[in-house]
Amino acid sequence: MPPAQEFNQLGILAVVLLLVLFYGGTMWMSVGISRKKENADGYMTAGNNIGFGISAASMTATWIWASSMYASATAGYTYGISGPIHYGLWGALMILFIYPFGKRIRKVAPKAHTLAEVMYARHGRSSQLMLAGSNVLGSLISLTSNFIAGGALISMLSPLSFGAGIVIVAAGVLMYTLWSGFRASVLTDFAQVMFMLGAAVIIIPVIFFVAGGPGMFEAGVAAGNVTPQQENFFSSDAFMNQGAPYIAAVLAYAIGNQTIAQRLFAVREDLIKPTFVTATIGYGGAVIGIGMLGVMALYLGVEPMNGDVNNLIPQMAGTYLGPILLALAFIMIIGALSSTADSDLAALSSIVMADIYGQSVGKKKANPKTMLLVGRISMIVATGAGLYFATAQFNILDLLVFVGALWGCLVFPVIASFYWPKVTNAAFSVSVLAALVAFLPVRFEWIPFTGALGFSVELLATVGIGVVLGIMSFGFFGLKPAIWVGGIATVAAAPFTFAGIFTGGLRDYTVLSASLVAYAVSFLVCYLMSVRSKQNFDFDVIKDITGDFDPDTPQTAEQIVAAAAAAKASETSGGSTSTDSQRD
């Protein structure tokens, strides 16, 4: 390990100037695209017609959030060289795997605002509220984790406290997002992701060489800082505890996360594939690279400050970077957490606007001004709740895996509802609740899973493996290949999940088992309740029930860019252009 170095901090004045520069700039952009008469649909989905550059950058920025950076570094520190690979690679591939479903969702509901709104049209109120409730919980947890990341960053790299840090970040994000909603989120995402990727390209190599370069790995092994599993690029420990649970969790994120669905409904339909492919590459490269800071910390024998692994990235930056690059790293992380925190606020507001208020009174009866007021109030309430929960300083990686696994209860019922006309409201609701009831005792080990109970968990988890791989295959190859892939995967996994190379079977891997059980139970219940159903749902009905709430045409993506460049010069002409004609 290199000689101990002084830990660098930024002064209060420098931190204040950087924060004013960042949040002042994002606020200026938000004001630049504001409208005297704000549009409710534009506030939620920016006119359903965003172009490639902004949509790809926004999707990338939404996934490359500070929590993702911190969690990747934690994975590297915990599992060694393969930790960030399992975190970043599987997360990236899940973005890619979801785009075929995205094309189907937009075909069925071209002008929807939330997935829950589509579930209302497909099934009814109970399914809608079930999905909306899970989205609210997930977005609130995501918002909380971003505030935790911001508080940890500011308290580590400045004299300010953790409490002051979370308040500053929350106030800054709320300030510019409240103004223009989702339109502010996607436009600021473009600037934020360009800066984040550029900063990462500079900062990571600098830390690597200042910390000792390639020699740190030999020195770390010689000093006994790493275990054989942490040295192994193909570590089974990393795969079972990090990679496999994250495959299941991130697939659920892509389906159950409103921040992703919101961008799916906002991008032009013909640009869905290139948007998701670009986000796949951008996310994977950036998050794996940043996660290597955790690997470096492991080999260097770094002990996280205050025993909190959330401190690893700012700790490495403060130890090995000078003032200028430290300021660059500071803004990079602030940009990462802000890009997703504003997405969470926009997602939460759209759920409250469209699902809780809009569909409760009906599309034609909803008052756009009331919707905007409700959306802005929900942002303020969510920010307050996120601040309250952030004081607990949860482990960010644990939060992400938990909410992803929780959403696993929804994946099969939601996807099946877009393809299979036999799926009923009862099948959707009961399957999700049954999966949740099975998931929680396994995840939190409320009862000992030995004997027959342990066997049952392993049996369901084995089925869950087939369900996950079958869903992935279905999007690209269709039903028959998906059935073959799922069936073969289940049979092939059985010798290893019940006994064999893994002592005690899958029951020893609680997080993974719980996620797979959720997938299996939701699949089995939804299928068995639907297969004999006489319902033959007409998917064309969804287009009639979902759609614009505001009689004024939403602002298009082209007008958003023009507004940013020319302030409000396009405001007068922006409202008269038909979104449908733009799409055609």
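The values are calculated or read from the model by the stated rules, or taken from the named source; none is laboratory data. As the structure is a computational prediction, the values presented were derived from the model and not from experiment. Because the Cβ atoms are built from the backbone with ideal geometry, glycine has one as well, and the counts that use them run over all protein chains shown. Only protein heavy atoms, including side chains, enter the accessible area calculation; ligands, DNA and RNA are left aside. Shrake-Rupley method; radii C 1.70, N 1.55, O 1.52, S 1.80 Å.
Return yes or no: is LEU460 of a type in the set (A, V, I, L, M, F, W, C), assigned to a helix (DSSP H, G or I), within 30 Å of the chain's Cα centre (by Cα) and at pLDDT below 80? Break it down into steps so the answer makes sense when it comes.
Numbers: of a type in the set (A, V, I, L, M, F, W, C): yes; assigned to a helix (DSSP H, G or I): yes; within 30 Å of the chain's Cα centre (by Cα): yes; at pLDDT below 80: no.
It is false that LEU460 is of a type in the set (A, V, I, L, M, F, W, C), assigned to a helix (DSSP H, G or I), within 30 Å of the chain's Cα centre (by Cα) and at pLDDT below 80.
Test LEU410 against the criterion of being touching a Gly at 6+ places or on another chain (Cβ under 6 Å) and modelled with pLDDT of 85 or more, and give yes or no. Lay out the reasoning, then the answer.
Details: touching a Gly at 6+ places or on another chain (Cβ under 6 Å): yes; modelled with pLDDT of 85 or more: yes.
For LEU410, the condition - touching a Gly at 6+ places or on another chain (Cβ under 6 Å) and modelled with pLDDT of 85 or more - is met.
I'd like the full set of residues that are crowded, with 24+ Cβ neighbours inside 10 Å, under 14 Å from MET29 (Cβ atoms) and among the aliphatic types (A, V, I, L, M), limited to the range 180-205.
Once the filter is applied, which keeps residues that are crowded, with 24+ Cβ neighbours inside 10 Å, under 14 Å from MET29 (Cβ atoms) and among the aliphatic types (A, V, I, L, M), the range 180-205 yields ALA184, VAL186, LEU187, VAL193.
How about the range 156-179: which of its residues are open to solvent by 40 Å² or more (accessible area, probe 1.4 Å) and either β-branched (Val, Ile, Thr) or in a helix (DSSP H, G or I) (or both)?
Result: VAL167, ILE168, ALA171, MET175, LEU178, TRP179.
Can you tell me which condition ALA482 does not meet? The list is (1) under 20 Å from PHE239 (Cβ atoms); (2) without any contact (Cβ under 8 Å) to a residue 24 or more places away in the chain; (3) crowded, with 17+ Cβ neighbours inside 10 Å; (4) not charged (D, E, K, R), and all the others hold.
(1)
Restricting the search to the range 335-380, which residues are among the basic types (Lys, Arg) and either under 23 Å from ALA61 (Cα atoms) or modelled with pLDDT of 85 or more (or both)? Working first, answer last.
Here is the first cut: in the range 335-380, the ones among the basic types (Lys, Arg) are 363-365, 369, 376.
Hit for the range 335-380 is ARG376, nothing else.
Take residues that are surrounded by 23 or more Cβ atoms within 10 Å (Cβ to Cβ) and tell me which of the helices (runs of 4 or more DSSP H) falling wholly in the range 226-275 contain 3 or more. Give the steps one after another, and end with the answer.
Details: elements: 228-231, 244-256, 258-266.
Fully inside the range 226-275 and qualifying: 244-256, 258-266.
Check the range 309-321 and report whether any residue there is farther than 25 Å from ALA392 by Cα and assigned to a helix (DSSP H, G or I).
From the range 309-321, those farther than 25 Å from ALA392 by Cα are 319-321; that's our starting set.
Next cut, assigned to a helix (DSSP H, G or I) only: 319-320.
Yes, some residue in the range 309-321 is farther than 25 Å from ALA392 by Cα and assigned to a helix (DSSP H, G or I).
Report yes if some residue within the range 123-130 is buried (at least 24 other Cβ atoms within 10 Å of the Cβ) and among the small types (Gly, Ala, Ser); otherwise report no. Outline the logic, then answer.
Looking only at the range 123-130, we keep the residues that are buried (at least 24 other Cβ atoms within 10 Å of the Cβ), and these are 127-128.
In the following step, the residues that additionally are among the small types (Gly, Ala, Ser) were identified as 127.
The answer is yes, given that some residue of the range 123-130 is buried (at least 24 other Cβ atoms within 10 Å of the Cβ) and among the small types (Gly, Ala, Ser).
Yes or no: ASP584 loosely packed, with under 15 Cβ neighbours inside 10 Å and at pLDDT below 50?
Values: loosely packed, with under 15 Cβ neighbours inside 10 Å: yes; at pLDDT below 50: yes.
In short, yes.
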